[in-house]
Amino acid sequence: MTRIVNRRSPERTVWALEQAGIPPLLARLFAARGIARREDVDTRIAGLLPPEQMKGIAEAATLLADAIAANRRLLIVADYDCDGATACAVGIRGLREFGATVDYLVPNRFETGYGLSPEVVQLAAAMAPDIIITVDNGIASVDGVAEAKRLGIATLITDHHLPGSELPDADVIVNPNQPGCTFPSKAMAGVGVMFYVLLAIRAELRKRGAFANKAEPNLAKLLDLVALGTVADVAALDHNNRILVAQGLARIREGRMQPGLLALFRMAGRDPRAAASFDLGFALGPRLNAAGRLADMGLGIECLITDDANRALNIAQELDALNKQRRSIEADMRDTAETLLASVSADDRASLTLFDPGWHQGVIGILAGRVKEKLHRPTFAFARSNNGELKGSGRSISGLHLRDALDLVAKRHPHLLLRFGGHAAAAGLTLREVDIGLFEQSFEEVARQLLSPAELTRTLETDGSLEHGYCNLDTARLIQQEVWGQGFPQPLFADQFEVESQRLLGEKHLKLSLRKAGSRFEAIWFNASDAVPDRITAVYRLSINDFRGMQSVQLVIEHCEPA
């Protein structure tokens, strides 16, 4: 069952936003998302929070400025997802602009696992760095940092994940979520944190007179990468993150982007001149992530740091092929999951735990997300690792903080989880294969304890009916120009329609002709094959259908039920 609720737009707030010059429809949409002042949707770069408010960032700037002056060797250790790849590319490009000697290392998901483990430090040591800089990881790497210290290698942790009970004994930690950090934005992605570190280094070098005889590096050139990593990591789009993403999208639309991004847009068949958050999250991000899921994220990082357009395109072609392979593997895994779920009633469960010996470790996170979206239950999917262990990846619904739930499981069963970490919405863990039954039981108990019946009911928040005069191409373009995403959701509207015709495209997408108030609209419902009745209530978003150079408005249906 799906419950449709309309967001509330306070009339006085809408009026105030309109008086401040915001178009009426946007004023209504913004007010429903908690925006009360025009300043809250101002995405000029000057509105960014100042770096000095972030704990540890001044020390990080001093450490790296000293290292650059002494020509010490820096090594970035990155995570193997899109946020990690973009954070690494931002770090490589920015530090080299400052004159640093810097290289990178990205752990192999299947061999060394996540983060700065002792094994990864051993690999790093072979590259003889003076300082290891982590991006999008490290806040939980207590043993890895200890190993680096034993080897005489300094460590700078830049991360955004929630810390555990013990922090690593690093030389410097920069993480807005670490204890004692008063930085107002706790939602930054790893790439955003690394970008802020570069801002602080530039300020430190400026104080030292490093730019007296040369131009300062223009770090705004990196905002296309910051936007991509922030959106792809599903970071909540608070005001600070919306500025970063808006500025990055503006550069992309103007054609001022890294060659690798241009190549990825080309392989995805998307027009960068009309780039939107959707393109970053659903077209470019998955192609980069495919490298980390199936092969080596070094391929994705190389795509982002090369200045050779031809090389970038060649790498983007490889990434596109990997993404197609990933989709094929995922389709097979989804079929297996459907079989496993056939004997389970989600209505009787507060959580789902799935495992098949043949599943691919790099794709279980996507599978967990698909099942969670379909059945509205926090879901973990597991695949075999080494030494009788399973790797699990989980996705959660609103109301259940997944990492906190795992922490509760660990406290109740101290030897069950070998490793775990993550966010409110996504988390990962390792356990022994023989213990999966105990995990399923314990996670179910925790989910039942923490989730109310209302939270277990799928709720679709919409912006209500879209006035007839707004259902057009101009409105679709107006909406597309804004920054939407996690925590600042893309507008969804709910209306009743008469169904004039319907047909299947490719045996899996439903193409519809709809009529409302005398006007006819083309619509599509992806991954839906069942026929709909003659009158429906549809929850939909406006999109632009570009066919042979002709643009028209199209309704993309997210949910449908009899009117």
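The values are calculated or read from the model by the stated rules, or taken from the named source; none is laboratory data. As the structure is a prediction and not an experimental result, all values here were calculated from the model. Here Cβ is always computed from backbone atoms with ideal geometry, including for glycine, and neighbour counts include all displayed protein chains.
Before moving on, here are some points about what is shown:
- Counting only helices (runs of 4 or more DSSP H) that sit wholly inside the stretch 265-352, those with at least 3 residues that are small (Gly, Ala, Ser) are 285-294, 309-341.
- Within the stretch 55-77, considering residues that are part of a strand (DSSP E or B) and in contact with a Phe, Trp or Tyr (Cβ under 9 Å, 6 or more places away or on another chain), the one farthest from Gly180 (Cα to Cα): Leu75
- Among residues of the stretch 445-468 being surrounded by fewer than 20 Cβ atoms within 10 Å (Cβ to Cβ) and under 26 Å from the mean Cα position of the chain (by Cα), the one that is farthest from Pro489 (Cα to Cα) is Leu450.
- Residues that are more than 20 Å from the chain's Cα centre (by Cα) and among the polar types (S, T, N, Q), drawn from the stretch 181-229: Thr182, Asn213, Asn218
- Whether a residue is buried (at least 17 other Cβ atoms within 10 Å of the Cβ) and among the acidic types (Asp, Glu) was assessed, and Asp130 does not pass this test.
- Residue match in the stretch 405-418 (condition: outside any strand (DSSP E or B), farther than 23 Å from Ser117 by Cβ and free of Cβ contacts under 8 Å to residues at least 12 places away in the same chain): yes
- One residue alone among Gly34, Gly84 is within 26 Å of Gln490 (Cβ to Cβ), assigned by TED's automatic domain parsing to the domain that holds Val193 and either modelled with pLDDT of 95 or more or within 24 Å of the chain's Cα centre (by Cα) (or both), and that residue is Gly84.
- Extreme residue, nearest to Glu147 (Cα to Cα), among residues of the stretch 170-180 that are more than 23 Å from the chain's Cα centre (by Cα) and touching a residue at least 24 places away in the same chain (Cβ under 8 Å): Ala170
- Per the listing Val120, Val102, Val106, the residue uniquely crowded, with 17+ Cβ neighbours inside 10 Å, of a type in the set (A, V, I, L, M, F, W, C) and under 19 Å from the mean Cα position of the chain (by Cα) is Val106.
- Check on Leu95, more than 16 Å from Gly428 (Cα to Cα), assigned by TED's automatic domain parsing to the domain that holds Thr230, free of Cβ contacts under 8 Å to residues at least 24 places away in the same chain and assigned to a helix (DSSP H, G or I): no
- Only one entry in Ala27, Ala16, Ala89 is in the same structural domain as Val145 (by TED's automatic domain parsing) and assigned to a helix (DSSP H, G or I), namely Ala89.
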